[in-house]
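Structure first, commentary second.
The values are calculated or read from the model by the stated rules, or taken from the named source; none is laboratory data. If you're wondering where the values come from, they're calculated on a predicted model, not measured in any experiment. Using ideal geometry, Cβ is built from the backbone for each residue, glycine included, and neighbour counts are taken over all protein chains shown.
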Amino acid sequence: MKAIFRFKIFISVLLLTACMQSTDVLNTSKTPQWVRGEPEMYPHFKYLSATGSAAKAEQAKARALSNLAKIFEVQIREVSTTSQNSQTRKKDGIETVEKSARIASTVNLKTDKMIQGARIAEQWQSSADLTYHALAVLDRSQAGNNIRGEMNRLDEETQYALNQQAKRSDALLKISDLHKANSLQQTRLTLQKTLKIIDVKGKGATAQWNLAELNEKLQQALRSLPLKTVIKIDDIGGLKPIFQGAVANAGFKVDPGVANHTVSSPYQLAASLEAKQPIVRDNWHWLRATLKIELIAQDGVSVIGYQSWPLKVSAGSAAQLQPRLIKSVDKKLKQELLNSVLGFVT
């Protein structure tokens, strides 16, 4: 099972003043060639380009740069799930665009490494409808060099993490190093996919490590962690089998010897489920609870990390609340337990 980590991709860098440098706005009746096709002065084999239009010049430039970023986003979606929301509003005759983009992925990527050097090369205003048009361009060679430099940095950090884990005797520290190496190479994978867009030959730069092999090393480290599961609080009943199932599903192996205390000083992964009194409102039953997990050090006292989630279920009868809450707990643990534990150790 692969860990899924949340992160944000920032497009606001596209709107920085440095990226907004451009030529003067042309105002002619003749439509420039770049509005309808590939710009002759910025051929595809040397440049990436995109256009944008709006009622205001600044909005046209912003949209052109944003559309340029979308070229990369298409590739990023192969390793991530993207949700976007765009709204155009007009107030007092002024048009504004509110755009947000969030990506939940195994990658933490900043677009500045990709679009550094993007600029507005041409602008034109139609004399017919007064609409502004802008052309954004990005030199392929410059962008490629920027990304290769970032990939080299990621490779250096990956090598360091792998060297560290080879020296470790503590299984938890090994997991931390291997998790970091995996995350770094996931980021590199996205940069590689992006580089292929920029590289006319579509080759990019081959990785030194196989992600599948790195992930298998991480899974082996997870299975080798001396771990004992503990239930601290269970106000509803039935938490223990669900928790143990989620721990196994995450890739951890709770050895019988650990459970029977024959293995000295195991780590403890503890779970608690605290529920409030059910309430009835408009003939509908509601139950709130808090689910919490903790990773406890080998001394049995020190808490390495903890995570909690508020839960709420409703039902037409009181008898349905308990099974619905248990189902909600099961879903939450299977979705979040591995992410949380990996977060504790990094």
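Descriptive notes on the structure:
- In segment 131-162, the residues that are assigned to a helix (DSSP H, G or I) and in contact with a Phe, Trp or Tyr (Cβ under 7 Å, 6 or more places away or on another chain): Arg140, Thr158
- Scanning segment 301-319 for residues that are under 16 Å from Asp282 (Cβ atoms) and in a helix (DSSP H, G or I) yields a single hit, Ala318.
- Residue match in segment 170-183 (condition: part of a loop (DSSP other than H, G, I, E, B) and without any contact (Cβ under 8 Å) to a residue 12 or more places away in the chain): yes
- Top-ranked residue in segment 227-255 [being in a helix (DSSP H, G or I) and touching a Lys or Arg at 6+ places or on another chain (Cβ under 7 Å); ranked as modelled with the lowest pLDDT]: Asn249
- Some residue of segment 269-279 being surrounded by 13 or more Cβ atoms within 10 Å (Cβ to Cβ) and either within 30 Å of Tyr160 (Cβ to Cβ) or polar (S, T, N, Q) (or both): yes
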